[in-house]
Amino acid sequence: MSATDLTRLSAADLAGKIHSREISAVEVAQAHLDRIAAVDDTVHAFLHVAGEAALASAAMVDERLAAGTAPASPLAGVPLALKDVFTTVDMPTTAGSKILEGWRPPYDATVTARLRAAGITILGKTNMDEFAMGSSTEYSAYGPTRNPWDTNRVPGGSGGGSAAALAAFEAPLAIGTDTGGSIRQPAAFTGTVGVKPTYGGVSRYGLIACASSLDQGGPCARTVLDAALLHEVIGGWDDRDSTSIDKPVPSVVDAARIGAAGDLSGLRVGVVRELGGEGYQPGVRSSYEDALRQLEKLGAELVEVSCPHFEYGLAAYYLILPSEVSSNLARFDAMRYGLRVDVGASAEEVMAATREAGFGPEAKRRIILGTYALSSGYYDAYYGQAQKVRTLISRDFAAAFEQVDVLVSPTTPTTAFPIGDKVDDPLAMYLNDLATIPTNLAGTAALSVPSGLADGLPVGLQVMAPALGEAVMYRVGAAYEAARNAEDGGPVISRVPEVSA
Ligand code: GLN
């Protein structure tokens, strides 16, 4: 099989061929490293490529299989791109920020450790908006990532690097984090699958904090089944994260397999009245209407549901998130990590000069916003009020899930926008997150699955589920994916144009 073919295969297919020893993990890793060498100057999905370590890890998988030992996990030997916000002892970790340039963490994140234990080949670290704040990857201190569908457009953010790596066939699997949509929105913009697990479902140990009450790591892939396989590797209780849920990971792989058989009869799918209407690009709306018809054809019963407080989600999020950011980013004090601008003066002056030089404009904007929202005299009016809205949104979800099994909406209001379009207009950038934020505020689960193209660019369908309701969410996602592929004669991603320099 040619190297190009290897980069086109799903993670499940690659694993099958590696485990049956039809192909080797080393040749799979090499094919992806070659692909990165060929296209990443243009795409810029990676901040760091760990070629040698990747090949060594793959070689260990091959040796083990040659010795007749069972693979360490169903994904052993499959390559993956890791968002540069998870710590890695053997690679730099920057969170897309200049303030962490060259920092080598002394320990692996739990997610990193679980990937290694599963025998997954970590190819390198992917580009992202600084400290995961942004919707385009343009706020990375290391330059933007380009969308493989149109290299003049953004891949979304903050996890644009992970999504672009999938769409450019540089990796079949990736890890992202979703605080307000950073897994799902890039998935929608690149024609890939992205899952935001239930809050507490994936350990945050070693995940550089953006907003701790919202942050959640999750799987990114080109198929729903691949995402499910990865979800089961990274998910589950971790005693190093106090917010980790001490319950078994829902069996999402089984659910995805059942879903792919394409029968949703007996399921009630809630159509959120407040999402997907006004303010959404016409092509996104028609793709969404199409998706609703397809869900009905699969046997699901559509029920219109109202979540009246979702419209305040964006405003509440942009108070809660900056508040937590202002506190979390206080640790970058020029003393402990990365950059230090030594102005040869007092500690306070060194700190100020380092933070001035080390943080980009969006990080500074949010630190200032958050500090303001938390300051005495304003706390109740801003932060306190936003927390009340958060409760109301959770109640909207709870009421909806009494009537339906899952909720659906478009993942984003628009398709991928041109690089430079919104970078100087924070509000326009924030509006990307309209449909994804409620899930983060409520701590529930959601995924984005490709729902065709609008004007030649990918669109995503969002499926939202209750906390720990991942199984039904994967089932619906996989059923819809199978129906869509059958109707289109293949997955959306098979129509991505070849990346040209
Ligand atoms: N775009 C959102 C923000 O800028 C989402 C960030 C995220 O999910 N990490 O805050």
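For the pair R495 and E304, the difference between a 0.36 nm per residue extended length and the Cα-Cα distance amounts to 65.5 nm. Take every DSSP beta bridge whose two residues both sit in the chain; close to 65 percent of them are antiparallel. Overall shape: oblate for the range 78-184, with the ratio a/c of the largest to smallest alpha carbon gyration tensor axis at 1.5 or above and b/c at least equal to a/b. Projecting the Cα atoms of Q462, T391, T439 onto the dipole axis of the chain, where Lys and Arg carry +1 and Asp and Glu carry -1 at the beta carbon, places T391 farthest toward the positive end.
Scoring 374-387, 110-123, 469-482 by mean Cβ neighbours within 10 Å over their residues and listing the highest first yields 469-482, 110-123, 374-387. Pairs from the table (K125/K247; K196/K388; K98/K247; K247/K422; K125/K364; K17/K196) lying more than 32 angstrom apart at Cα are K98/K247; K247/K422.
In a fully extended conformation the segment linking N152 and S20 would gain 43.4 nm over its present Cα-Cα distance, using 0.36 nm per residue.
Summary value for the chain: 18 percent relative contact order, contacts being C-alpha pairs under 8 angstrom separated by 6+ residues. With a ≥ b ≥ c the root eigenvalues of the C-alpha gyration tensor of the range 368-498, is it rounded (a/c under 1.5), prolate (a/b larger than b/c) or oblate? Verdict is oblate for the range 368-498. Here the range 18-136 carries DSSP beta bridges of which approximately 40% are antiparallel, counting only pairs with both residues inside.
Counting only residues at least eight positions apart within a chain, or on another chain, the aspartates and glutamates with an alpha carbon under 18 Å from that of K297 are D263, E289, D405, E481, E487, D488.
As a length-normalised measure over Cα pairs under 8 Å and 6 or more apart, the relative contact order of the range 204-303 settles at 23 percent. Sorting the segments 158-171, 260-273, 436-449 by their residues' average number of neighbouring beta-carbon atoms within 10 angstrom, most packed first, yields 158-171, 436-449, 260-273. FRET efficiency for the D421 to A352 pair, using the beta carbon distance and R₀ = 51 Å, is estimated at 0.95. In the chain, helical runs assigned H by DSSP with n ≥ 4 each contribute -39500 (n - 2.57); averaged across all residues and rounded to the nearest 500, the mean residue ellipticity at 222 nm is -12500 deg cm²/dmol. Projected label points at R293 and D41, each 7 Å from Cα along the beta carbon direction, are separated by 4.6 nanometres.
The calculated FRET efficiency for the pair D333 and D254, based on their C-beta separation and a Förster distance of 51 Å, comes to about 0.60. Dipole check for the range 129-193: with +1 at the C-beta of Lys and Arg, -1 at the C-beta of Asp and Glu, and the Cα centre as origin, the magnitude is about 140 Debye. A Cβ-based charge dipole, computed about the Cα centre of the chain with Lys and Arg at +1 and Asp and Glu at -1, lands at about 420 debye.
Taking packing as the residue-averaged number of other Cβ atoms within 10 angstrom, the listed peptides 426-435, 319-328 run from highest to lowest as 319-328, 426-435. Neighbours of A428 by Cβ distance under 11 Å: Lys/Arg scored +1, Asp/Glu scored -1, total -2. Between L431 and E487, the FRET efficiency estimated from the beta carbon spacing at R0 = 41 angstrom works out to 0.85. Listed from fewest to most Cβ neighbours within 10 Å, the set H19, H32 follows the order H19, H32. Extension gain for S286-T4 works out to 98.1 nm (0.36 nm per residue, less the C-alpha to C-alpha distance).
Residue exposure proxy: K388, K83, K422, ordered by other Cβ atoms within 10 angstrom of their Cβ from fewest to most, comes out as K388, K422, K83.
A short reminder: the numbers here are calculations on the coordinates, not readings from a lab. All figures in this text were calculated on a predicted structure; none of them were measured in a lab. A quick note on method: Cβ atoms are made from the backbone with ideal geometry, for glycine too, and the neighbour counts reach across all protein chains shown.
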